[in-house]
Amino acid sequence: MNKMFQVNGMKCVHCKANVENAVKAIIGVASAEVNLEAKSLMVDFDEALVAIDNIKAAVDNAGYEFVG
């Protein structure tokens with residue numbers, strides 16, 4: 001499943017990498033791509049293995065605000 005989420009607090013390529021790496025570390029996530037200008041995160045994941053709450057927790061734990 002591909003789903004886009006809004007994430008606040010990302011301002012630079014370092015922030016982009018932090019969010020992408022945190023989400024990619026979740027088992028069942030195939031890819032994660034941040035668009036800094038749109039403040040968005042596109043995630044390709046297996047919905048049988050990954051709940052949206054897992055993605056939210058990864059983003060929040062990386063220090064950013066998961067809006068949804």
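The values are calculated or read from the model by the stated rules, or taken from the named source; none is laboratory data. Please read these numbers as outputs of a predicted model, since none were measured by experiment. Cβ coordinates were reconstructed from backbone atoms using ideal geometry, including for glycine residues, and neighbour counts include every protein chain displayed. For accessibility, only protein heavy atoms count, side chains too; no ligands or nucleic acids. Shrake-Rupley method; radii C 1.70, N 1.55, O 1.52, S 1.80 Å.
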For region 10-68, what are the residues that are touching a helix residue (DSSP H, G or I) at 6+ places or on another chain (Cβ under 7 Å), part of a helix (DSSP H, G or I) and not aliphatic (A, V, I, L, M)? ASN61
Being at pLDDT below 95 and of a type outside the set (D, E, K, R) is the requirement here; does GLY9 meet it? no
Within the bounds of region 37-55, is there any residue that is under 10 Å from the mean Cα position of the chain (by Cα) and open to solvent by 80 Å² or more (accessible area, probe 1.4 Å)? no
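Among the residues of region 15-28, write down those that are of a type in the set (Val, Ile, Thr), surrounded by fewer than 20 Cβ atoms within 10 Å (Cβ to Cβ) and within 14 Å of LYS3 (Cβ to Cβ).
Selection gives ILE26 alone.
Every residue in region 56-68 that is open to solvent by 70 Å² or more (accessible area, probe 1.4 Å) and either without any contact (Cβ under 8 Å) to a residue 12 or more places away in the chain or among the polar types (S, T, N, Q) (or both), please.
To start, the set of residues in region 56-68 that are open to solvent by 70 Å² or more (accessible area, probe 1.4 Å) comprises 56, 61, 65, 67.
Once the filter is applied, which keeps residues that are open to solvent by 70 Å² or more (accessible area, probe 1.4 Å) and either without any contact (Cβ under 8 Å) to a residue 12 or more places away in the chain or among the polar types (S, T, N, Q) (or both), region 56-68 yields only ASN61.
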